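Next up is a structure, given as structure tokens.
The values are calculated or read from the model by the stated rules, or taken from the named source; none is laboratory data. Small disclaimer: the values here were computed from a predicted structure and weren't measured. A quick note on method: Cβ atoms are made from the backbone with ideal geometry, for glycine too, and the neighbour counts reach across all protein chains shown.
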Amino acid sequence: MAARQTETLARVDLFRSLAPAEIIQLDTRCIWRRAKAKEWIIDYQDEGTDVFFLITGVVRVMIRCVSGRETILRDIEAGAYFGELAAIDGQARSASILAVTDATIAKMAASTFLETVTEHPDVCLQLLRLVTGQVRMLSNRVNEFTTLCVRDRLYVELLRVSRPDREHDQQAIISPPPLHADLAGRISTRRETVTKELSALEREGLLQRGRRSLVILDVPRLVGMIDEDQRPSTAP
């Protein structure tokens, strides 16, 4: 019985405005499943149009190239959802989804999803905000990939996944420390390149490794290094 208590869309932010009875009704219209860590949930270019709601766990949005290289777009945590684009336009999947941890997932038919969105203005607004956020995120990523070198893309990613250190106002903490392979996937480079650049940051006194975290020791200086690389050259 305890396991079944996790199988409810009440945990999903998208449906926060719905009455408990409406949530219960939607729960019965989903197919519930549990995914194991490292299990592929959606493959790029799949034809399915179902929407998936993540009740527990973490999944990763990725694009796998023919060459074998994987680009990590973002991680999705419990309370969020994925697959909504295919439900809206009926087109093939635009990315693959990999379970990072064990996860509890509700699968909802596109017809049920669209019915719910169109009948509830707040749900529709939440969906629009999510899609808008994805467009902005992808625009920023395209800008980074076209204007920044690999080193600066790594710096930006470290800053993006860090949180301010409350005890030291110029420092930031990344916990847990990301795998080098994951950082490489996020900035489209090789793991060896990430390892080399992180070691360089350590030598320069900008990064400190701990057992459970990475510490950026001088955030303003790291930001300044990115800005410096973007300034036009004054060489004749």
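Within the bounds of the stretch 151-160, is there any residue that is aromatic (Phe, Trp, Tyr), in the same structural domain as Asp13 (by TED's automatic domain parsing) and touching a residue at least 12 places away in the same chain (Cβ under 8 Å)? Full working, then the answer.
First, the residues of the stretch 151-160 that are aromatic (Phe, Trp, Tyr): 155.
Going one step further and asking which of them are in the same structural domain as Asp13 (by TED's automatic domain parsing), we end up with none.
Scanning the stretch 151-160, I find no residue that is aromatic (Phe, Trp, Tyr), in the same structural domain as Asp13 (by TED's automatic domain parsing) and touching a residue at least 12 places away in the same chain (Cβ under 8 Å), so the answer is no.
What are the pairs, 6+ residues apart or on separate chains, where a residue within the stretch 124-141 that is under 23 Å from Ala110 (Cβ atoms) and assigned by TED's automatic domain parsing to the domain that holds Gly79 has its Cβ under 6 Å from a residue that is assigned to a helix (DSSP H, G or I) and not aromatic (Phe, Trp, Tyr)?
Filtered contacts from the stretch 124-141: Cys124/Val117; Gln126/Leu14; Leu127/Val117.
Ok, one more. Are there any pairs, at least 6 apart or on different chains, whose C-beta atoms fall under 6 Å, with the first in the stretch 187-206 and free of Cβ contacts under 8 Å to residues at least 12 places away in the same chain and the second in a helix (DSSP H, G or I) and surrounded by fewer than 19 Cβ atoms within 10 Å (Cβ to Cβ), and if so, which?
Close Cβ pairs (under 6 Å, with a partner that is in a helix (DSSP H, G or I) and surrounded by fewer than 19 Cβ atoms within 10 Å (Cβ to Cβ)) amount to Arg191/His180; Arg191/Ala181.
A follow-up question, please. Quick one: in the stretch 80-99, of everything that is under 13 Å from the mean Cα position of the chain (by Cα) and assigned to a loop (DSSP other than H, G, I, E, B), which residue is modelled with the lowest pLDDT? I'd like the intermediate steps shown before the answer.
Taking the stretch 80-99 first, the residues under 13 Å from the mean Cα position of the chain (by Cα) are 80-82, 95-99.
From the residues that got through so far, the ones that are assigned to a loop (DSSP other than H, G, I, E, B) too are 80, 95.
Details: Ala80: 96, Ala95: 92.
Checked the stretch 80-99; the qualifying residue modelled with the lowest pLDDT is Ala95.
How many of the residues in the stretch 1-53 are of a type in the set (S, T, N, Q) and surrounded by 15 or more Cβ atoms within 10 Å (Cβ to Cβ)?
Filtering the stretch 1-53 for residues of a type in the set (S, T, N, Q) gives 5-6, 8, 17, 25, 28, 45, 49.
Now drop any that are not surrounded by 15 or more Cβ atoms within 10 Å (Cβ to Cβ), which leaves 8, 49.
Number satisfying all stated conditions: 2.
Ok, one more. Right, Leu158: surrounded by 13 or more Cβ atoms within 10 Å (Cβ to Cβ) and more than 15 Å from the chain's Cα centre (by Cα) or not?
No.
When the residues of the stretch 203-216 are narrowed to those that are within 25 Å of the chain's Cα centre (by Cα) and part of a loop (DSSP other than H, G, I, E, B), which ends up farthest from Arg160 (Cα to Cα)?
Per the criteria, the residue is Arg211.
Just one of Ile42, Ile76 is under 26 Å from Leu183 (Cα atoms) and free of Cβ contacts under 8 Å to residues at least 24 places away in the same chain; which is it?
Working: Ile42 fails: free of Cβ contacts under 8 Å to residues at least 24 places away in the same chain.
Just a single option satisfies the conditions, and that option is Ile76.
Inside the stretch 163-208, can you point out the residues that are within 16 Å of Thr71 (Cα to Cα), at pLDDT 95 or above and surrounded by fewer than 16 Cβ atoms within 10 Å (Cβ to Cβ)?
Glu192
Ok, one more. Return yes or no: is Thr118 at pLDDT 95 or above, out of contact with any Phe, Trp or Tyr (no Cβ under 7 Å at 6 or more places or on another chain) and not in a helix (DSSP H, G or I)? Talk me through it step by step, then tell me what you get.
Working: at pLDDT 95 or above: yes; out of contact with any Phe, Trp or Tyr (no Cβ under 7 Å at 6 or more places or on another chain): yes; not in a helix (DSSP H, G or I): no.
Answer is no for this residue.
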